[in-house]
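Here the structure comes first, spelled out in structure tokens, and everything after it is commentary.
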Amino acid sequence: MFRKRFTFSRIRVFLGGVFVTSHFCLTSHAKEYSLGEVQKRDGIDGRQMWVTYRGGVYDITEFKSLHPGGKYIEQAAGDDIEEFWKKWAKHYTSEKASNMLKELRIGDLKNSPSSNDDNNLPLSHLLKNELFVDEPKRVLHHHEIFFKQPFCTQTNVTSLGTYLTSNAALYVRNHSFVPKHDDISDYTIGFSSDYNDNYSSFSLLDLSKLPQITITSILQCAGNRASEDSRHNGANGFAGTPFQRIGIGMVGNVKWSGVRISTILKDIYPNECSLQLASMDKQLYHVKFIGGDGYETSTPLNYILNDYNDCLLATSMNDSPLTPDHGFPLRIILPGIAGARSVKWLESVCLSEQKSDSPWNSLYYLHANGEQIQEIPMQSLITHPANKVAIRPVDNKIDVSGVAYSGSSGLTINNVQLSVNNGESWIDTDLLTDELVNEKY
């Protein structure tokens, strides 16, 4: 079964006539604490939560709820946080992280060697991290790289001009190291709820026996076009990070194959799904997704149960198995929803009466008004000529091409117009909606 949903419409018209890096400079404080004093601050039963890091003592009692890796920080309560710090290697290249660390430091760990020598080591030394030694091999000529650990890129605009985005060219947004799955014979996905003890699991073999569908759908990061947003609306949450350079490249159009999530949810949670189907205008339940990298988020059940949206447990992209960077062996694909909700390396699904309270869901990927970013808006992108590239008319004409997509509405793009005089007049474009999809990826 093949369906085309939430996809690019390509257009063409002829017109006439600092990456910031920082090393920690952790100043010595007069106050010293013994390891025993730190261990007593384990965050249990309302106690403060302290951690140590390279000779320093830090009070993270309040901060732990703000940090995307909060659940990992809690595992280090009363102890050394470095092993968990290394999991999120972006700490070593983030000005924000080093500034926050300075603010949270309350003193020194008694009888601990000075950390000043470590702080002056080259960045390459800090990033020799065993968690990232098994990262997949990557083709890089399609990408502009924001981070290498964790690997985050946008697709070069020259690779966005085709109907389908190739597997090698699709942007990558990893939040940690890529989970390694050499043997997937025993890979299972757990299904549970947070209001009872019922639990079910499905293996990849189980999923392969269910009805399979193939869709073509946009995947777009919630931060796409961040640089344009900051130019027009002022500094945003990406200011001071490499992500402030995001252009139009954290988007792609891909053929995805797998099983509708709704098929399984209706089987495991028949009563809840029936209640939701009877009140599709209300968000009675939310579906939490947790990946093998610890990333967790959620999306309303009413969106997922709408079969028109074709929400998938996806196992392949462009007729090939998912790549490691894009979630092998299993990921969520939620057409029309921001890519931040399409969890990779899926390990568990939980039905809940509440949205996920993970930092990625409650503190990040939010609109300016504080609401979660879920559905993506209608957009159009110029892929040729590239931004800030000098162009020369041929026969007094300029070839302009790009893509347009209708966001979460799933409606068909009927017309795209282009203006070269700030909206005083508009030129119709030719929609290439009947082009054939190249089957060679």
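The values are calculated or read from the model by the stated rules, or taken from the named source; none is laboratory data. Since we're looking at a predicted model, the values are computed, not measured. FYI the Cβ positions are ideal-geometry reconstructions off the backbone, even for glycines, and counts take in every protein chain you see. Surface accessibility is based on the protein's heavy atoms, side chains included, excluding ligands, DNA and RNA. Shrake-Rupley method; radii C 1.70, N 1.55, O 1.52, S 1.80 Å.
Using label points projected 7 Å from each Cα along Cα→Cβ, tell me how many nm separate residue 232 and residue 275, to one decimal.
4.1 nm
With every protein chain present, what is the per residue accessible area of region 287-441 (1.4 Å probe, Å²)?
On a per-residue basis, 47 Å².
Lysine pairs, Cα distance under 21 Å, 8 or more residues apart or cross-chain: how many in region 230-368? Could the numbers behind the result be given before it?
Numbers: 255/344; 266/282; 266/288; 266/355; 282/355; 288/344; 288/355; 344/355.
Pairs that pass both the separation and distance tests number 8.
Quick one: Debye curve from the alpha-carbon atoms of region 366-431 only, equal weights, vacuum; give me log10 I(q)/I(0) at q = 0.19, 0.22, 0.25 Å⁻¹ to two decimals.
Here the Debye-derived log intensity ratios amount to -0.92, -1.07, -1.19.
Evaluated at 37 °C with a viscosity of 0.692 mPa s, what Stokes-Einstein diffusion coefficient in µm²/s does region 191-310 have when Rh comes from the Kirkwood expression over alpha-carbon pairs?
D = 190 µm²/s.
What full-extension length gain, to one decimal in nm, is calculated for residue 411 and residue 40 as 0.36 nm per residue of separation minus the Cα-Cα distance?
127.8 nm is the gain from fully extending residue 411 to residue 40.
Of 135, 37, which has the most accessible area and how do the rest follow, probe 1.4 Å?
Sorted by accessible area, descending: 37, 135.
Show me the ranking of peptides 147-154, 40-47, 388-395, 354-361 by mean Cβ neighbours inside 10 Å, starting with the highest. List each step's numbers first, then the result.
Details: 147-154: 21.5, 40-47: 12.8, 388-395: 7.9, 354-361: 18.2.
Put in order of decreasing packing, that is 147-154, 354-361, 40-47, 388-395.
Would you mind checking which residues have amide H under 5 Å from residue 171's amide H? H placed 1.01 Å from N; only 5 or more apart, or other chain.
Residues meeting the amide H criterion: 155, 251.
Please list 280-293, 203-216, 413-426 highest first by mean number of surrounding beta-carbon atoms within 10 Å per residue. Before the final figure, lay out the partial values.
Working: 280-293: 18.8, 203-216: 15.3, 413-426: 11.5.
Peptide ranking by packing, descending: 280-293, 203-216, 413-426.
What list of ³J(HN,Hα) couplings, whole Hz, do you get for region 312-322 from phi and the Karplus terms 6.51, -1.76, 1.60, once you set θ to phi - 60° and write x for glycine and proline?
Computed from phi, the couplings for region 312-322 are 10, 8, 8, 10, 9, 9, 6, 6, 10, x, 3 Hz.
Suppose we keep just the alpha-carbon trace of region 299-400; what are its Rg and Dmax in angstrom?
18.8, 62
Which cross-chain or sequence-distant (5 or more) residues have an amide H under 5 Å from the amide H of residue 48, H modelled 1.01 Å from N in plane?
Long-range HN contacts for residue 48: 43.
Could you please state how large a percent of the accessible area of region 228-318 is carbon and sulfur, counting protein chains only and using a 1.4 Å probe?
Of all accessible area on region 228-318, carbon and sulfur atoms account for 49 percent.
What accessible area per residue, rounded to a whole number of Å², is obtained for region 162-281 using a probe radius of 1.4 Å?
For region 162-281, the per-residue accessible area is 43 Å².
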